[in-house]
Amino acid sequence: MVDAAAPAAPPAEAASKKPEAKPRFTARLRYARISERKMRYVVDLIRGKDYNSAVSILRSCSKRGAMYVKKLLESVFGNAADQISNKQLDIDVNKLHLVEARVDPGPIIKRWRASSQRRPLMIQKRMCHVFLALEERELKESRKERTRRQKQERQRKASAGKAAAAPKPAAKPEGESKKEETK
């Protein structure tokens, strides 16, 4: 017995043509002994930057949290380098950008200290958790580079326009030039 012909299903590749998800490389620092507000200030400096500029910013930053974040950022880069070499991914490490940088509060250590008239004064020693993620993205052009490029393009167009508008000297026939020389 022959079954009724079922409609042909499109191939699986053609049906689901989604762009390939770019791999993300992550690292997490937990229980850092610095308050989240102080750490957030440092993380805000590098959010959205590429790896090389983020490291240079952290080297010159005088905040205490910069040391923690720089070490964590180098760890993320090391994770990326390991995964790229192990899985033979086609990723340019110079195009890695910090796509996610998050600082969350951690637990608070509570201590007591004697105050005036035998009153206890609570001391809160705060901690935080930091999460960083790198992903490959195209390098953004800085304003300075963009204006320089646009200026060069305008100069090229202007020089090309002048060359096209300039009248070309008419070439004299060979016979006329010889006649002028003999006279």
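The values are calculated or read from the model by the stated rules, or taken from the named source; none is laboratory data. Worth saying up front: this structure is predicted, and the values here are computed from it rather than measured. Using ideal geometry, Cβ is built from the backbone for each residue, glycine included, and neighbour counts are taken over all protein chains shown.
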### Query
Would you call Ser60 surrounded by fewer than 11 Cβ atoms within 10 Å (Cβ to Cβ), under 22 Å from the mean Cα position of the chain (by Cα), farther than 23 Å from Lys38 by Cα and not hydrophobic (A, V, I, L, M, F, W, C)?
no
Output for Cβ contacts, cut-off 8 Å, separation at least six or different chains, first residue among the charged types (D, E, K, R) and surrounded by 14 or more Cβ atoms within 10 Å (Cβ to Cβ) in region 29-48, second modelled with pLDDT of 95 or more and not in a strand (DSSP E or B), reads Lys38/Lys63; Lys38/Arg64; Lys38/Gly65
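Conditions tested, residue by residue: (1) small (Gly, Ala, Ser); (2) in a helix (DSSP H, G or I); (3) surrounded by 13 or more Cβ atoms within 10 Å (Cβ to Cβ).
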| residue | (1), (2), (3) |
| --- | --- |
| Glu74 | no, yes, yes |
| Gly78 | yes, yes, no |
| Ser85 | yes, yes, no |
| Val99 | no, no, yes |
| Ile109 | no, no, no |
| Ile123 | no, no, no |
| His129 | no, no, yes |
| Glu138 | no, no, no |
Restricting region 31-57 to residues that are closer than 20 Å to Asp92 by Cα and of a type in the set (D, E, K, R), the one farthest from the chain's Cα centre (by Cα) turns out to be Arg47
- Do the conditions hold for Leu89, that is, is it at pLDDT below 90, within 24 Å of Glu138 (Cα to Cα) and not in a helix (DSSP H, G or I)? yes
**Prompt:** Looking at Gln155, is it over 18 Å from Arg37 (Cβ atoms), surrounded by 10 or more Cβ atoms within 10 Å (Cβ to Cβ), of a type outside the set (D, E, K, R) and more than 19 Å from the chain's Cα centre (by Cα)?
**Reply:** yes
Subset of region 4-44, residues at pLDDT below 80 and assigned to a helix (DSSP H, G or I), comes to Ala12, Glu13, Ala14, Ala15
